[in-house]
Each structure stands twice: as C-alpha cells, then as structure tokens.
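Notes to accompany the following structure.
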Amino acid sequence: MSDQGSKRQRQLRARLGVSLKGLAGGMVRGMGVPTQRIALPGSDDAVSQRHARSVIELCLRVGETMIATGASAADTVAQVLRLSSSFGITGMHVDIHFSSITVSVHRGLDEDPISVMRVVKVRTTDYTRLRDVYRLMDEITSATDPVDPDLARQHLSEILQQPHPYRRWVVSAGKAILAAGVVVMYDASFVVIVAAAISAVIADIVTRRLEKWGISAFFVQMAAAFVITGIAGLLYWTRTFGFALTSEVQPTVIVISGIMLLLSGIGLTAAARDAIDGYYITASSRGLEVIMMTLGLAVGISLTIGLALRIGIPIDVGTSLGRTDNIWAGMVGAGLIGIGFTLTSYVRMIIAPIMAILAAIVFAVFFIVNPLMPDPGLAPGVAGIVAGVLSYLVYRWIMVPEAALTMAGIIGLIPGLTVYRGLYTLMDGPQGIVAALGELFVALAVGIGLAAGTTIGGHLARRSFGLDRAAEISLRRARRTR
C-alpha cells in the first residue's frame with residue numbers, strides 16, 4: 001500500500017507540474033491571432049480578370065479624383081479600400097506617392113497579379129466635386145444589390161464633366177475676400193483692406209494667365225509676389241507726394257495678405273498631416289513643394305523691393321507685425337477668410353456662412369488659449385482639436401467634405417507667414433542661418449500642431465458620435481497596409 005500511495009503522489013505531483021507549466025505558459029505565450037497582420041491573404045482567387053480590371057480602373061479613377069480635388073492620402077486610401085471591398089475584392093493594396101497612385105490585386109498562385117499606376121497631373125481644391133465623389137461611393141457601398149463597376153465608372157465620368165457651381169470671377173472675388181480678411185485680422189485701415197483685395201484680384205489674373213502658358217509654379221509665385229509687393233510699393237510712393245494714405249507699417253500687411261493668399265502654409269499643414277498618418281514620402285514631397293513655392297515668394301518680393309529702391313521709392317517690407325490684440329477684429333477677419341476659402345475651393349455659396357462661423361470660433365479658441373500656452377504648436381493644436389470636432393459634426397449635418405470644413409477653420413492660423421519669415425531671413429546672408437532655422441522650426445511646429453489637433457478632434461468626434469462600420473474597417477486597413 002505504501003508503494004501504491006507513493007506512486008499516486010508522484011502522479012499527482014507530475015500532473016500538478018504539467019498544469020502549472022501550462023498555466024505559466026498561457027500567461028506568457030501568445031494564444032490568439034496576431035494583432036498586426038503582416039500581409040493580406042490572397043483571398044481573391046475566384047475573382048475573374050475582367051472583374052478585377054474593372055474594379056481597379058474604377059478605384060484608380062476615384063483615387064486620382066480625390067487626390068486631385070484636395071483629399072489627404074490617408075482618406076484616399078481608406079475610401080479606395082472601402083470601394084474595392086464593396087465589389088468583393090478584399091486583398092487590394094493601395095500606395096500613394098504624392099502625385100501618383102498605385103493599385104494592386106494579388107489573385108493567388110494560379111493567376112497573374114494586376115498592378116496599375118496612374119499619375120495625378122492636376123492638383124487643385126474642388127470640394128464640390130469631392131463631395132459628389134463621396135456620395136457616389138456611399139451609394140455604391142450601401143447598395144443592397146451588386147453594382148456594375150462599368151456603370152459606376154460612367155457615373156464618375158459624369159461627376160468629372162459637370163460644371164463648377166459658379167463662374168471663375170467668383171473665385172477671384174473669393175481670393176479678394178480672403179486677402180481682405182487677413183488684413184482685417186491685423187486691424188488695418190479701410191484703404192489697406194481695399195488695396196489688399198485689389199492686389200489679390202490682379203495677382204489671380206496674372207497667375208491664371210501664366211499657368212495657361214505652362215509657366216512653372218516657382219516663377220508663377222515670383223510673378224504674384226511682384227504684383228502684390230508692387231501695389232504695396234505704390235502706397236509708399238504716395239508719401240513722396242505728401243499723401244499719407246496709410247500708416248508707416250500698414251503696406252506691409254498687403255504683402256502678408258498676399259503670402260496667406262498664395263497658401264504656402266496650407267501645403268505645410270497638409271504635409272504634417274500626411275506625416276502623422278504615416279505617408280512619409282508624400283509628406284516630404286509636399287514639404288519640398290512648400291519650400292520651393294515660398295522661395296518663389298521671397299525672390300519675387302526681394303526683386304520688387306530692389307527695383308523700388310533703385311527708382312527712389314523708400315519701400316521696406318517687414319516680416320512681422322505681431323498678432324492683433326483685438327479679438328473681434330480677429331474673429332471678423334477669420335470669418336472673412338473662411339468665406340474666401342469657401343469660394344476659392346468651389347464649395348457652394350450656401351455653406352459660406354457656416355464656414356465663416358466655424359473659422360471665427362476656432363480663432364477665438366486660439367486667441368484665448370495662446371497666452372496660456374505660448375510654446376509653438378500647443379495653442380494651434382488645441383484650436384485644431386476644436387476645428388476637428390466641429391468639422392465632423394457639421395459634416396454629419398450638411399454632408400460637406402470634412403476636409404473642407406477643417407481647412408476653413410484653421411486657414412487663419414496656418415504658418416505661411418512664419419515660413420516666409422524664415423526663408424526671408426535665410427536670404428539675408430549666412431549670418432541669418434540660425435535665426436532662419438528657428439523660424440522654420442516654429443512653422444513646422446505650428447503645422448504639426450494644427451494637423452495633429454484636427455486629427456485628434458476628428459477621432460474624438462467619431463468615437464463619440466459614431467462612424468459607419470465600413471468606413472471604420474477601411475481606415476484600419478489603410479493603416480495596416482501602408
């Protein structure tokens with residue numbers, strides 16, 4: 001009996017040891033499916049080549065349209081994946097490199113993969129067309145019956161061929177309102193407001209003509225800067241005849257309004273957004289584009305000042321005027337900027353008051369928070385969060401593209417002036433390198449703050465107020481398959 005008792009004890013100890021080892025291993029060892037999928041499975045074997053090519057062609061054209069009309073890289077990838085899933089293709093890969101989009105479908109070992117690339121030759125801001133594309137995708141993805149890709153492509157062609165909601169002169173008027181809004185933010189005189197609006201219209205006519213002639217964007221920026229700075233020089237020139245139409249510093253505001261009008265800061269903010277989303281090649285390309293466009297501005301302004309001094313006009317364009325202490329002037333100016341951006345980006349006029357109110361609210365938040373958070377990027381980040389939340393709520397209400405609302409809210413805070421100040425300081429000589437780098441880092445911090453704030457605000461709004469399941473899955477896939 002003693003031998004049997006000791007044998008049972010050994011068996012119990014062995015079982016207990018095995019159980020403890022299994023329990024310990026279960027606490028450490030991974031048991032489920034990996035949280036990060038390295039590659040999508042080749043689950044599209046049953047898809048015919050004809051169907052795959054039709055879907056790829058549709059997805060390519062949708063992606064090209066979204067990039068060309070102002071959508072971010074992350075939004076484009078998410079919507080293209082959402083569209084492909086609705087047609088039964090779950091293993092699609094989408095890659096965006098600034099001005100090109102590549103779509104690839106792997107159909108298993110027995111079928112050849114299909115990969116197609118398209119170059120985006122035109123990049124503009126047309127949120128009405130982008131809104132129609134979003135609506136088309138919503139109709140396709142929410143349809144109960146399968147949609148023919150060829151029919152969907154035909155509807156997309158109709159969207160691309162439809163006229164703009166208003167004529168080109170309205171866009172020029174929008175640019176005048178935008179430039180005037182920048183001047184109002186600095187609480188300038190009525191003469192300067194009118195001069196800024198006129199300079200914006202003339203610069204728009206000149207740049208549009210040069211673009212039709214095929215002139216590169218760098219020289220177009222130089223020409224626009226020449227026109228705007230020249231008008232500021234004319235105001236200085238009136239002083240030689242005893243007509244003091246403005247104060248000593250206010251003609252500089254006209255140049256600053258031109259800098260904001262040419263929108264170099266929007267490119268920097270978009271580059272920061274792409275970098276945050278993980279599209280580093282696109283972000284670096286956008287950043288280089290911003291530098292070249294702003295260099296064109298700086299060169300044009302420098303040439304104009306040099307020419308004015310040679311003919312005896314004592315013009316002196318500064319690089320800083322400081323932020324106005326009048327919150328009401330800032331809110332009115334931000335509202336005008338929002339209206340101007342609405343018209344320049346082809347958003348329907350009925351939406352302009354909403355975007356003006358949104359821009360004024362975001363500026364008020366920035367004005368209140370800025371003294372409490374003087375570090376670069378913090379106050380713009382908080383204002384960006386408010387812009388992201390409000391933009392999503394307004395988007396759910398009136399179905400205007402969220403990107404349009406977000407940009408209208410933050411456009412009054414974009415760091416275009418800071419970018420110009422850094423490059424202008426750099427052009428003064430080698431002794432200004434340290435100061436120039438400091439200004440450029442401040443501009444980068446502001447751009448990252450605005451981009452991060454709008455991203456966080458949009459995410460918080462979606463978590464609080466809901467997002468359709470298909471879009472949420474597409475966003476996750478977009479992050480996993482970059």
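The values are calculated or read from the model by the stated rules, or taken from the named source; none is laboratory data. Please read all numbers here as calculations on a predicted model, not as lab measurements. Positions of Cβ are generated from backbone atoms using ideal geometry, with glycine treated the same way; all protein chains shown enter the neighbour counts. For the accessible areas, the whole protein counts, side chains as well, though only heavy atoms, and no ligand, DNA or RNA atoms are used. Shrake-Rupley method; radii C 1.70, N 1.55, O 1.52, S 1.80 Å.
These residues, 373, 355, go from largest to smallest accessible area, 1.4 Å probe, as 373, 355. Protection proxy ranking for 303-313, 161-171, using the average of other Cβ atoms within 10 Å per residue and placing the highest first: 303-313, 161-171. Along the range 110-117 the Karplus relation, 6.51 cos²θ - 1.76 cosθ + 1.60 evaluated at θ = phi - 60°, assigns HN-Hα couplings of 8, 10, 6, x, 10, 10, 9, 10 Hz to successive residues, with x for each Gly and Pro.
A simple rule links phi to the HN-Hα coupling: the Karplus curve 6.51 cos²θ - 1.76 cosθ + 1.60 with θ = phi - 60°, which for the range 150-157 gives 5, 5, 5, 5, 5, 5, 5, 4 Hz, with x for Gly and Pro. Put 107, 8, 348, 286 in order of accessible area, highest first, and with a 1.4 Å probe you get 8, 348, 286, 107.
What order, most packed first, do the peptides 58-66, 151-159, 82-90, 268-276 have when packing is the mean number of other Cβ atoms within 10 Å of each residue?
Top to bottom by mean Cβ count within 10 Å: 268-276, 58-66, 82-90, 151-159.
Based on the mean of other Cβ atoms within 10 Å per residue, sort peptides 194-200, 379-385, 221-227 so the most packed one is first.
379-385, 194-200, 221-227
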